[in-house]
Amino acid sequence: MNASQTHRQQDVNFGDRTKLSGAGQKTLAWITLAESGPFTVYADVRFTAGSAAVLPFLVPVVTIEWGAGTATMSAEYRIAGRLRVPLAASAIRVEGRLVDVRGGAVPPDVVAEVAAFIARGIDGETLLNARTVVQSGAEGSVSTESERVLAVDGFNAGPGAVWLMLFEGATAPSGGASPRMATPAPAGAPFRIRPSSPREFVGGVRWAASASPLTLTPVPGASLYVETELLP
């Protein structure tokens with residue numbers, strides 16, 4: 001009796017720096033190995049060309065497909081800060097593209113350099129290495145870049161209750177704007193926002209005090225102390 005055994009072919013590109021431009025999509029890294037194991041996908045980005053009027057609305061998106069044999073699954077992740085995705089698989093493929101959050105086409109002159117790689121093992125990172133931005137007043141700009149917000153803590157030193165609202169983007173929100181996150185801030189009391197997972201903000205993070213809970217009604221005289229924790 002003749003017996004044969006099929007062996008998976010090894011094919012790897014653990015990662016590199018790749019330029020994304022316009023609406024094109026590119027493969028950033030891939031591995032196909034004989035056996036499954038623990039891996040971590042990392043990605044970071046910097047824009048090297050494009051109009052300053054457009055860049056705040058653009059976000060790099062990576063599609064990660066992973067699995068073993070013919071059983072695979074996929075998920076999309078926006079690169080806001082440093083992307084870190086731990087996986088266990090024998091095959092991983094990472095593809096990237098640029099997306100305009102307003103729904104329009106990405107201009108062809110926009111260029112982003114994505115550093116993406118697949119590392120063997122799990123890095124053991126249990127601390128989230130957040131950085132804290134501390135501000136006070138009735139409104140503030142936490143960042144003018146895409147970020148992941150881990151938590152918000154603060155205190156309302158004003159005489160009246162308000163709502164603390166966080167908005168996506170680098171420009172100050174106008175009255176009637178809808179927040180990405182919000183929480184009541186009682187007078188003379190602390191407040192806190194703890195999302196179940198880090199919340200992504202594209203193009204910047206701003207906060208403001210509001211007199212109403214669903215949309216922004218500015219409170220110019222508000223006196224809030226706000227600590228915002230951002231993930232790298």
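Among the residues of the range 66-103, those identified as closer than 21 Å to G22 by Cβ and modelled with pLDDT under 85 are A80, V101, R102, G103.
Taking (1) within 29 Å of K26 (Cβ to Cβ); (2) surrounded by fewer than 21 Cβ atoms within 10 Å (Cβ to Cβ) in turn, A116 satisfies each apart from (2). Any idea which residue in the range 187-217 is farthest from S143 (Cα to Cα), counting only those that are small (G, A, S) and either within 16 Å of the chain's Cα centre (by Cα) or not assigned by TED's automatic domain parsing to the domain that holds S143 (or both)? Per the stated criteria, the residue is S196. Only one entry of P38, P60 meets the criterion of being in contact with a strand residue (DSSP E or B) (Cβ under 8 Å, 6 or more places away or on another chain), at pLDDT 90 or above, under 20 Å from V149 (Cα atoms) and not basic (K, R), and that entry is P60. Might you check whether a residue that is outside any strand (DSSP E or B), out of contact with any strand residue (DSSP E or B) (no Cβ under 7 Å at 6 or more places or on another chain) and surrounded by fewer than 17 Cβ atoms within 10 Å (Cβ to Cβ) occurs anywhere in the range 64-75? Yes, some residue in the range 64-75 is outside any strand (DSSP E or B), out of contact with any strand residue (DSSP E or B) (no Cβ under 7 Å at 6 or more places or on another chain) and surrounded by fewer than 17 Cβ atoms within 10 Å (Cβ to Cβ). Counting residues in the range 125-132 that are surrounded by fewer than 18 Cβ atoms within 10 Å (Cβ to Cβ) and closer than 30 Å to G69 by Cβ gives one or more. For the range 49-62, state whether one or more residues are in a strand (DSSP E or B), of a type in the set (A, V, I, L, M), touching a residue at least 60 places away in the same chain (Cβ under 8 Å) and surrounded by fewer than 15 Cβ atoms within 10 Å (Cβ to Cβ). Yes; the residues of the range 49-62 include at least one that is in a strand (DSSP E or B), of a type in the set (A, V, I, L, M), touching a residue at least 60 places away in the same chain (Cβ under 8 Å) and surrounded by fewer than 15 Cβ atoms within 10 Å (Cβ to Cβ).
The values are calculated or read from the model by the stated rules, or taken from the named source; none is laboratory data. Computed from a predicted structure; not experimentally measured. Heads up, the Cβs are rebuilt from the backbone with ideal geometry, glycines too, and the neighbour counts pull from every protein chain shown.
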